[in-house]
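The values are calculated or read from the model by the stated rules, or taken from the named source; none is laboratory data. Remember, it's a predicted structure, so these values are computed and weren't measured experimentally. So basically every Cβ, Gly included, is an ideal-geometry build from the backbone, and we count neighbours across all protein chains shown.
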């Protein structure tokens, strides 16, 4: 065995001896300062704690955000620092200012980072332990058939697997949380989302609304029935994050919104799997599908002689919604949208020959019943935009801190 291998082996043995890694979870926990008796709740007061280390003890921990478990990390170094001084383990830095920013020559600071072989070995071992712990948790959740929960939207009761519940949220309510096989700590994730909904907070942008109806309308219109991939507070619920951390980050950044696989065309390894976040848009009259709303609009204009944009240009958002639902229902039941004639065989043929690809009188389609979608999760409705001079009760919206 080489000298380097012996050194690394000795570091790992020391790590295993001092630290059983029994606090790998992210639950708040009271932790004592590495160098004094002050107590801080981590990770809740992490910034305050790190400021204390710098201002009171002149200690800087490098790349804190990339440490898999800060609690275990601190527990390990707390034992080591009780046995020897900071000089024994840390690199020293000379700066020309005091911690409060006052000019002063040759002020000494200590840096604890993975430049130290023992620290690097500790971080690697923490990554391995954290990944194994999370994988075990995910395996337990996927095998558990005792899950029971009421839907946060329609209140149906589900029992059995969590995957069934997640599938219901996706298919019936268009709530996109990512692929079930990429999720972990599912119960906590659902608790958080349900808590937001109950408190009238948008899951995506965290705005607060005056009532549940306005919230649901906002989330539907803005395509906010999903998690914001830039909200790092959700990172812990996705396995791809732990796998990437364990594999190492060659870019030197922890911005998880930039995660991608070696193949830039493969988006399935991104942290939230949003390659399917927007469903294809369906033509109002036939089976034509396209992921781009504009393409469907052009298709209807050229194939069906139905210029949706021109016909609805002077209408507000809710009137356009009514038109879509009116047309959907008429076609679904085999009725002409203009004269209400029926044709079980081919209603489109009748409309084409009679040149009835046009709207009837306003009193026919401008009815309250057409507020309600004919097709569940109709992407056409989700794609309708609000005119710049329209407001949808969002004047009363405030941002959640």
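Give the stretch 195-215 a look and list any residue that's crowded, with 16+ Cβ neighbours inside 10 Å and either at pLDDT below 90 or in a helix (DSSP H, G or I) (or both), or say none. 196, 197, 214, 215, listed by residue number. Of all residues in the stretch 160-169, those being surrounded by 18 or more Cβ atoms within 10 Å (Cβ to Cβ) and either under 17 Å from the mean Cα position of the chain (by Cα) or under 15 Å from residue 382 (Cα atoms) (or both) number 2.
Scan the stretch 28-49 for residues that are in contact with a helix residue (DSSP H, G or I) (Cβ under 9 Å, 6 or more places away or on another chain) and either in contact (Cβ under 8 Å) with a residue 40 or more places away in the chain or part of a loop (DSSP other than H, G, I, E, B) (or both) and jot them down. Across the stretch 28-49, the qualifying residues are 29, 31, 32, 33, 34, 35, 36, 38, 43. Would you confirm, using the coordinates I've provided, whether residue 255 is under 16 Å from the mean Cα position of the chain (by Cα), modelled with pLDDT of 85 or more and either surrounded by 15 or more Cβ atoms within 10 Å (Cβ to Cβ) or not assigned by TED's automatic domain parsing to the domain that holds residue 120 (or both)? No, not satisfied. Among the residues of the stretch 291-347, those that are farther than 23 Å from residue 368 by Cα, in a loop (DSSP other than H, G, I, E, B) and without any contact (Cβ under 8 Å) to a residue 24 or more places away in the chain comprise 291, 292, 307, 343, 344, 345, 346.
Among the residues making up the stretch 368-384, those that are more than 13 Å from residue 280 (Cβ to Cβ) and surrounded by 12 or more Cβ atoms within 10 Å (Cβ to Cβ) are 370, 373, 374, 381, 384.
Here residue 182 does not qualify as within 15 Å of the chain's Cα centre (by Cα) and under 27 Å from residue 383 (Cα atoms). Helices (runs of 4 or more DSSP H) fully within the stretch 50-152 that include at least 1 residues being free of Cβ contacts under 8 Å to residues at least 40 places away in the same chain and surrounded by fewer than 18 Cβ atoms within 10 Å (Cβ to Cβ): 86-89, 117-143.
Against the numbered list (1) within 41 Å of the chain's Cα centre (by Cα); (2) modelled with pLDDT of 90 or more; (3) surrounded by fewer than 17 Cβ atoms within 10 Å (Cβ to Cβ), residue 365 comes up short only at (3). Candidates in the stretch 229-242 are the residues that are in a helix (DSSP H, G or I) and touching a helix residue (DSSP H, G or I) at 6+ places or on another chain (Cβ under 7 Å); of these, the one that is nearest to residue 131 (Cα to Cα) is 242.
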